[in-house]
1. Rounding to the nearest 20 debye, state how big the charge dipole of segment 422-513 is about its Cα centre with +1 on each Lys and Arg Cβ and -1 on each Asp and Glu Cβ.
2. Relative contact order for the chain: what percent, with Cα pairs under 8 Å and sequence separation of 6 or more?
3. Please tell me which of these pairs span more than 25 angstrom C-alpha to C-alpha: K65/K152; K12/K632; K608/K650; K12/K668; K40/K152?
4. Calculate the dipole size of segment 489-636 relative to its Cα centre from +1 charges on Lys and Arg beta carbons and -1 charges on Asp and Glu beta carbons; express the result in debye to the nearest 20.
5. Please report, in debye to the nearest 20, how large the charge dipole of the chain is about its Cα centre when each Lys and Arg carries +1 at its beta carbon and each Asp and Glu carries -1 there.
6. How far apart, in nanometres, would the label points at S336 and T196 be if each is projected 7 angstrom from Cα along the Cα-to-Cβ direction?
7. How far is helix 501-514 tilted, in degrees, relative to the longest principal axis of the Cα atoms in the chain, given as a value from 0 to 90 rounded to the nearest 10?
8. Starting from 0 in steps of 5 Å, tell me what percent of the Cα-Cα pairs of segment 397-553 lands in each bin.
Amino acid sequence: MTDFTDLDAVAKLPRIGSLALSPDGTRLVATTAELAPDGKSWQSALWEVDPAGSRPARRLTRAAKGESSPVFTPDGSVLFVSSRANAEAKPGDDKETSALWLLPSSGEARQVYAPAGGVSGVCVARDAGTLVVTTAALHGAAVGDEDKERRKAREDAGVTAILHEAYPVRYWDHDLGPDRPRVVSAPAITGEDWVTDVVELTRDIPHPVSGAVVSPDGQWVVYGVSEEITAAYGQRDLLRVVRSDGTGDRELAADRTLGDGPAYAYSNAVFLPDSSGVIAIRGTESTEQESPRYDLVLITLADGAIRPLTADFPDWSEDPSVSPDGRVVYFFANRSGHRPLWRLDLESGEITRLTGDGHYSGLCVAADGSALYALRDSIAHPPQPVRLDPVATEQDPAFLPAPGVVESLPGTLTEVSTTVADGRAVRAWLALPAGASKDSPAPLVLWVHGGPMMSWNAWSWRWNPWLLVARGYAILMPDPALSTGYGRDMIQAGWGSWGGAPYTDLMAITDVTVERPDIDEGRTAAMGGSFGGYMANWIATQTDRFDAIVTHASLWNLDAFTGTTDASFYWMREMTDPLRSTERILANSPHLRVADISTPMLVIHGDKDYRVPIGEGIRLYFDLVRHGVPAKFLYYPTENHWILTPGNSKVWYETVLAFLAEHLLGEKWDRPALV
């Protein structure tokens, strides 16, 4: 039984992250993260899960540096990425750089490719075994010895400067450059060989590349490229196709862009089984008036023809996979607090929902099409591997034995809903502590999700409601305007008006919830991270109904934010470029309303957060203190948008719980000992 009042016990739970299925369908490998022996970091490893569900899972790897990104070769070996030390490294190899390793079906793992720029991704041609690896190299240098020499010269000279000639310069939690991602290909690995005869496919591409996939026959590679439009309007994600051997082909116009004009962006390509084309996600680009939309399309390589597949589907289509016979496309899409798996018949266009409750991800399709494997999680359970029938509708999955099972929760999960003024239905998950009743009502915490275009539908290790439920709090997790899984109207309702419908939706669902006899209307708090942090700040400026507010990685001054975040153009498209108009920023920026705040606030921010830069947190805390608002600032010098390391994560929960206890339960402030 998991004790959710024990933060150390929860930190020790294994956490499953991804799946890979062998070509013959007999082996399923999962990545699993566990607490390192020193308790200061997470350690990832590969585990083998029985697809039949008969045998317990067994651990395959045990390197201190961990392993990730497993993918099978045609002969059943597993390729993976690791920074583990290599006992058989060639002279001059960097033992700390992420490298490509191969684990045969029997025997020990061995390193097979260690470029100086590390390995960030790998895929394998299903039939031919051709390898495609994403690495990095310094500007102007070829992957290999030239890049290694340039890196050494830079280090020897003590140079850390990065010259940028395009925007952006940072991404989430790291600086971009001085190297750039490169895509390389190599023949299939046989015997005891290392990866040799590497061919660079993207050396002369001036834009960032990502998401490379190789065709089953090994002849073609499709990769993503982010091309700059203008500094203000930003980037457009496109797909390019090139021969895997780097040669041209006039008939198929190799090394060309796939797509149909400037109104769309493309990403997440997967090949058809016969290598004739790809299924990809096509997104419309957002504007001041219109939110984006994401659909599936089929793009034929020979002529570039594009066939829309989900134009009439109400929700966003994500993460496509193709059946072995090429007749069916499987995909995920949020729907009313869940993320089901869907089946699209390419001939008829019919779309069928295959799963019921839960949040699904990481689909693997058996080579004979007889079974599907995926990860299933929910608000009530972390990810677990499951087996699914490829045709049964709204089915219950078969759970496969694997690490990380949560046997019990400290409460129950239910749903709350209401209808708002414009007729939209707004729903929420409500996690209730054990024992909450009319005679013992629970204090309520409104927890707003990030995004903003996402949904409360999945398990979260970072922001886990059950750690608060275990201390007696009821947690309300709504999907207000801007949430996905409710059709485009729900997103459009809050587009460009974050302080409008999202706020009124949150208040409406809170009003309904506090009417329950098991909820204490007189003890309430609001909290959120990222966009949820923005909403927590906005709530603080609009009402004093809450006893406390916790705001994490939050947007405060929208004018400053849109110029310093790592993807300024994305927000400027919605809120308008401040150089042209400040109308929406003035209407939606909480910093202009700080004088209206009276509720005690806990501000949390990481210095390495480049999505919502630290200046937002510092300015917020300064403004609160300057206006006499009771406030505390939990500052993380080494963390990013999320608080990831075990010790810092524990302090996060300890501080939040102490702050809530002070203001909702009337307990004396109990400052965590280690901060």
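The values are calculated or read from the model by the stated rules, or taken from the named source; none is laboratory data. No experiment lies behind these values; they were computed from the predicted model shown. All Cβ positions, glycine included, derive from the backbone under ideal geometry; neighbour counts span all protein chains shown. Side chains are part of the model used for accessible areas, which takes the heavy atoms of the whole protein and leaves out ligands, DNA and RNA. Shrake-Rupley method; radii C 1.70, N 1.55, O 1.52, S 1.80 Å.
1. 240 debye
2. Normalised by residue count, the contact order of the chain is 9 percent.
3. K12/K632; K12/K668; K40/K152
4. 420 debye
5. In debye, rounded to 20, the chain gives about 980.
6. 6.0 nm
7. 60 degrees
8. P(r) for segment 397-553, in whole percents per bin: 2, 9, 19, 22, 20, 15, 8, 4, 2, 0.
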